[in-house]
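The values are calculated or read from the model by the stated rules, or taken from the named source; none is laboratory data. These numbers were taken from a predicted model, which means no experiment stands behind them. Because the Cβ atoms are built from the backbone with ideal geometry, glycine has one as well, and the counts that use them run over all protein chains shown. Ligands, DNA and RNA are stripped out before the accessible areas are found, and what is left, the full protein with its side chains, is counted by its heavy atoms. Shrake-Rupley method; radii C 1.70, N 1.55, O 1.52, S 1.80 Å.
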Amino acid sequence: IALIAGVAGCGGSSGSHSRSRRTPTPTPTPTPTVIISGRAVQNGMSDAAVDAFAVNTADGSDGVALGEATTDSDGSYSLQLIPIPAGPVRVTASGGTFISEANGATISSPSTISALLANVTSGQSVNLNPLTDFVNSRTLGAINQSGTDFSTALSDANAAVETDFGLSSDPSTLVPDYTVNGIGTDAGNLGLILGGIVNEDQLLCPATPG
């Protein structure tokens, strides 16, 4: 009887102790990020420097630097914007090299091209090409020469460039298509436009095309 009581006592003693409880570790709140990507194309600008800036709407000038990247061989880039922009953004591509669509020549250190956007969201594709640079320049002209407000100037510039070059899409959303599948599309038309631009460039500026 004593043995049974002893065993019962040993087994029962664990029930008299309270179990320790661990406080759950809170899940960290994810830090918001904005990542954009795209291609810099005169033809694909290889090893070009890509920079993003917040934009001062009063005069369209560059403000705070938001990020930088370097393009791959076909002009592709991806960059994270820090701090997250609350308004307009300008993305620029400068330097590197590209292959002329007209005659296959390597064009080194081409001029900077830019894309100007009213705002950006994470995952957005932002492509840069001579037509986006025309939009950027036309917007700056309207703001600083005509006193047009930023939003109207950018909207009007996009509409004018699309009309002038027979496009139905914002050129910053396009990547040129040089294949037969591109015939009659905005991407195909952009390919023809870029070929025409570089051909004229090489004829008029043979020593320093780009």
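Classify segment 20-102: rounded, prolate or oblate, from the alpha-carbon gyration tensor (a ≥ b ≥ c, eigenvalue square roots; a/c under 1.5 rounded; otherwise prolate if a/b is larger than b/c)?
Judged from the Cα gyration tensor, segment 20-102 comes out oblate (a/c at least 1.5, b/c at or above a/b).
Taking 0.36 nm per intervening residue step and subtracting the Cα-Cα distance, what contour gain separates Thr27 from Asp149 on full extension?
Using 0.36 nm per residue and subtracting the Cα-Cα distance, I get 39.5 nm.
Using the Cβ atoms and a cut-off under 14 Å, what net charge is assigned to the surroundings of Pro209, where Lys and Arg are +1 and Asp and Glu are -1?
That sum, taken over residues with Cβ under 14 Å, equals -3.
Cβ neighbours within 10 Å, averaged per peptide: list 186-199, 62-75 in order, most packed at the top.
Ranking the peptides 186-199, 62-75 by packing returns 186-199, 62-75.
May I ask for the longest run of the chain untouched by trypsin sites (Lys or Arg not before Pro) that are loop-located per DSSP and have at most 14 neighbouring C-beta atoms (other than their own) within 10 Å?
In the chain, the maximal stretch lacking such sites is 23-210.
Just checking my list [x] 58, 22, 16; [y] 29, 21, 15; [z] 38, 21, 13 against semi-axes √(5λ) of the Cα gyration tensor in Å computed from this structure; which label fits?
Looking at semi-axes √(5λ) of the Cα gyration tensor in Å for this model, the match is [x].
How large is the dipole of the chain about the Cα centre if only Lys and Arg carry +1 and Asp and Glu carry -1, each at its Cβ, rounded to the nearest 20 debye?
1540 debye
Relative to the first principal axis of the alpha-carbon coordinates of the chain, what is the inclination of helix 186-204, with its axis defined by its Cα atoms, in degrees from 0 to 90 and to the nearest 10?
So the helix axis and the longest Cα principal axis differ by about 50 degrees.
Over the chain, average the accessible area per residue using a 1.4 Å probe and give it in Å², no decimals.
With the other protein chains kept in place, the chain gives 55 Å² per residue.
Towards the positive end of the charge dipole of the chain, with charges on Cβ (+1 Lys, Arg; -1 Asp, Glu), say which of Leu66, Ala153, Leu174 has the farthest Cα.
With unit charges placed on the Cβ atoms, the residue in question is Leu66.
In segment 106-210, what percent of the accessible surface is made up of carbon and sulfur (1.4 Å probe, ligands and nucleic acids excluded)?
After summing per-atom areas, the C and S share lands at 52 percent.
Using a cut-off of under 16 Å, list every residue of segment 98-127 whose amide N is near the label point 7 Å from the Cα of Glu200 along the Cα-to-beta-carbon line.
Inside the label zone: 101-102.
Compute the angle between helix 150-164 and the longest alpha-carbon principal axis of the chain, please, reported from 0 to 90 degrees and rounded to the nearest 10.
Its long axis makes an angle of about 60 degrees.
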